[in-house]
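Here is the structure we will look at.
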Amino acid sequence: MHDEEPGGSTQSQPTPGAVIPLSRPSWVGRERDYVLAAMASEIHQGDGPFTRRCHALLEERLGVARALLTTSCTTALEMAAILARRVDPGRFAGEVICPSYTFPSTAGAFALHGYEPVFADVRADTLNLDESKVEALITPRTRAIVAVHYAGVPCEMDALARIARAHDLVLVEDAAQAIFSRYHGRPAGALGDMAAFSFHATKNLSCGEGGAITFRDEGWVARAEIIREKGTNRDQFQRGLVDKYTWVDHGGSYLPSELLAACLLAQLEDAEAIQARRRACYEQYLARLAPLADAGLLRLPVVPEGVESNHHLFFVRVDSADTRDRLTHALEAEGITALFHYAALHRTPMGRRFGERSLPVAEEAARTVLRLPLYAGLALEDVDRVGDAIERFYGTSRAWSGACAT
Ligand SMILES: Cc1ncc(COP(=O)(O)O)c(C=O)c1O
């Protein structure tokens with residue numbers, strides 16, 4: 001599901017005849033200097049100067065009370081699960097409502113810490129958690145809702161926040177894909193009680209493997225700092241608040257090395273350039289594939305009014321799993337890597353352990369979504385190459401689609 005591709009830069013040279021990968025890290029240039037500076041310093045463990053600069057930048061840009069780097073989005077979600085838990089480890093922590101159409105970590109991080117995932121269906125337009133389906137799933141055992149901003153398009157957070165408030169539930173954003181996306185002017189990450197981000201190599205901003213947890217309000221922060229530091233109050237000690245540090249709570253080792261923070265800082269500082277390149281490719285796909293969508297041959301992603309995507313993914317939805325297989329192979333034959341995305345988790349071997357249910361939109365998305373190449377270094381000519389190949393598959397031509405569009 002992650003797509004591991006080597007190399008990468010933000011240069012956007014077309015690749016005539018060469019394979020176009022699905023994704024590729026986009027280095028902006030300063031990563032090397034910052035990593036070398038971190039290596040040359042005596043501070044290689046976490047929470048040094050590069051980490052602190054990442055925290056400050058995230059807090060300022062996301063408008064959150066606190067941001068803490070983690071080793072991945074998965075570990076950020078694990079921290080959220082531990083924070084939201086009201087009982088000791090080993091005991092049932094309650095139910096957590098999450099979409100079925102998502103990455104395993106959304107549910108898995110909570111399942112690992114004593115929760116039972118309750119899978120909900122997703123909206124037919126955005127493939128985000130369907131807010132109209134959530135209330136019916138709430139029981140006296142429900143403890144949290146996890147909203148996944150699929151493809152970098154935020155969920156209907158006002159409705160979800162209303163439901164969470166009415167039932168005293170913790171609202172967690174799985175913002176793995178949504179760095180710097182916005183919902184009615186507010187950044188993803190500041191919309192729920194806490195949010196988890198990913199800086200995995202396939203994401204808009206990357207340090208290879210990495211993540212962050214953010215908190216809208218101060219209330220959760222003191223305990224989060226302890227959980228992140230192996231259950232110790234080392235953070236308070238480093239700030240001179242206690243004269244020695246000790247084991248005070250449950251926790252894990254969730255902070256990344258300074259070397260990774262140094263790489264991430266360079267990416268955060270140049271985020272605008274990276275996001276702009278992705279947006280240009282995304283818009284080119286939209287313009288290029290609109291005639292096929294108008295002809296009813298495929299469906300394009302939907303970004304609702306008032307929502308700003310960070311253009312993390314571009315995907316099309318075709319009419320069946322068979323069409324998707326054939327289109328994938330046709331693109332592969334032309335040197336273009338396209339890939340399916342999530343399984344519907346309630347149909348996976350692990351997901352079935354939490355009960356059988358029918359979630360038709362998630363199941364359909366699992367069969368029919370096909371992701372197309374998108375990364376900051378993708379040349380617009382290569383987007384056209386993908387568009388040409390899809391038109392050939394459907395037996396249409398530029399002339400035909402031009403005629404159709406007028
Ligand atoms: C929605 C979602 N949540 C969580 C993750 C896990 O992220 P990480 O690899 O940083 O743990 C991913 C990874 O792609 C994801 O798409």
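The values are calculated or read from the model by the stated rules, or taken from the named source; none is laboratory data. Note that this is a predicted model, so its numbers are computed, not measured. Every residue, glycine among them, receives a Cβ derived from its backbone with ideal geometry; neighbour counts consider all protein chains shown.
Would you pick out the residues in the range 31-58 that are in a loop (DSSP other than H, G, I, E, B) and under 18 Å from ARG234 (Cα atoms)?
First, pick out the residues of the range 31-58 that are in a loop (DSSP other than H, G, I, E, B): 41-48.
Those that are in a loop (DSSP other than H, G, I, E, B) and under 18 Å from ARG234 (Cα atoms): ILE43, HIS44, GLN45, GLY46, ASP47, GLY48.
Looking at SER257, SER206, which is the one that is touching a Phe, Trp or Tyr at 6+ places or on another chain (Cβ under 7 Å), of a type outside the set (A, V, I, L, M, F, W, C) and closer than 14 Å to THR70 by Cα? If you could, list the steps in order and put the result at the bottom.
Details: SER257 fails: touching a Phe, Trp or Tyr at 6+ places or on another chain (Cβ under 7 Å).
Exactly one residue qualifies, and that residue is SER206.
Taking the criterion of being more than 30 Å from ALA273 (Cα to Cα), touching a Phe, Trp or Tyr at 6+ places or on another chain (Cβ under 9 Å) and among the acidic types (Asp, Glu), would at least one residue in the range 338-361 satisfy it? It would help to see each step written out before you state the result.
Taking the range 338-361 and keeping what is more than 30 Å from ALA273 (Cα to Cα), we get 343-361.
Checking which are touching a Phe, Trp or Tyr at 6+ places or on another chain (Cβ under 9 Å) leaves us with 343-346, 351, 354-355, 357, 359, 361.
From the residues that got through so far, the ones that are among the acidic types (Asp, Glu) too are none.
No, the range 338-361 contains no residue that is more than 30 Å from ALA273 (Cα to Cα), touching a Phe, Trp or Tyr at 6+ places or on another chain (Cβ under 9 Å) and among the acidic types (Asp, Glu).
Could you please find all residues in the range 294-314 being touching a helix residue (DSSP H, G or I) at 6+ places or on another chain (Cβ under 7 Å) and among the hydrophobic types (A, V, I, L, M, F, W, C)?
Residues of the range 294-314 that are touching a helix residue (DSSP H, G or I) at 6+ places or on another chain (Cβ under 7 Å), as a first pass: 294-295, 298-301, 309-314.
Within the range 294-314, ALA295, LEU298, LEU300, LEU313, PHE314 meet the criteria.
Residue under question is ALA164, and the condition is that it be on the phi < 0 side of the Ramachandran plot and over 20 Å from the mean Cα position of the chain (by Cα); does it hold? Write out each step before concluding.
Working: on the phi < 0 side of the Ramachandran plot: yes; over 20 Å from the mean Cα position of the chain (by Cα): yes.
When the stated conditions are applied, ALA164 passes them.
So, ARG91, is that one more than 24 Å from GLU364 (Cβ to Cβ) and either crowded, with 16+ Cβ neighbours inside 10 Å or not assigned by TED's automatic domain parsing to the domain that holds PHE180 (or both) or not? Steps first, please.
Values: more than 24 Å from GLU364 (Cβ to Cβ): yes; either crowded, with 16+ Cβ neighbours inside 10 Å or not assigned by TED's automatic domain parsing to the domain that holds PHE180 (or both): no.
Against the criterion (more than 24 Å from GLU364 (Cβ to Cβ) and either crowded, with 16+ Cβ neighbours inside 10 Å or not assigned by TED's automatic domain parsing to the domain that holds PHE180 (or both)), ARG91 does not qualify.
Quick check on this structure: which one of ALA190, ALA222 is under 22 Å from the mean Cα position of the chain (by Cα) and either within 15 Å of the ligand (Cβ to nearest atom) or closer than 19 Å to VAL64 by Cα (or both)?
Numbers: ALA222 fails: under 22 Å from the mean Cα position of the chain (by Cα).
Checking each option against the conditions leaves just ALA190.
Could you please let me know if ALA333 is over 25 Å from the mean Cα position of the chain (by Cα) and without any contact (Cβ under 8 Å) to a residue 40 or more places away in the chain? Can you show your working first?
On the way: over 25 Å from the mean Cα position of the chain (by Cα): yes; without any contact (Cβ under 8 Å) to a residue 40 or more places away in the chain: yes.
Yes, satisfied.
Out of the residues in the range 193-204 that are surrounded by fewer than 24 Cβ atoms within 10 Å (Cβ to Cβ) and not acidic (Asp, Glu), state the one that is farthest from the ligand (Cβ to nearest atom). Spell out how you get there, then give the answer.
To start, the set of residues in the range 193-204 that are surrounded by fewer than 24 Cβ atoms within 10 Å (Cβ to Cβ) comprises 193, 200-202.
Right, trim to not acidic (Asp, Glu) and you get 200-202.
Working: HIS200: 4, ALA201: 9, THR202: 7 Å.
Looking at residues that are surrounded by fewer than 24 Cβ atoms within 10 Å (Cβ to Cβ) and not acidic (Asp, Glu), I get ALA201.
Please list, ordered by first then second residue, the pairs with beta carbon atoms under 7 Å, 6 or more apart or interchain, first in the range 141-161 and within 24 Å of ALA111 (Cβ to Cβ) and more than 16 Å from the ligand (Cβ to nearest atom), second part of a helix (DSSP H, G or I) and modelled with pLDDT of 95 or more.
ARG143/ALA84
List the strands (runs of 3 or more DSSP E) that sit entirely inside the range 84-194 and contain at least 2 residues that are among the aromatic types (Phe, Trp, Tyr). If you could, list the steps in order and put the result at the bottom.
Working: elements: 94-99, 115-120, 142-148, 170-174.
Here the list reads 115-120.
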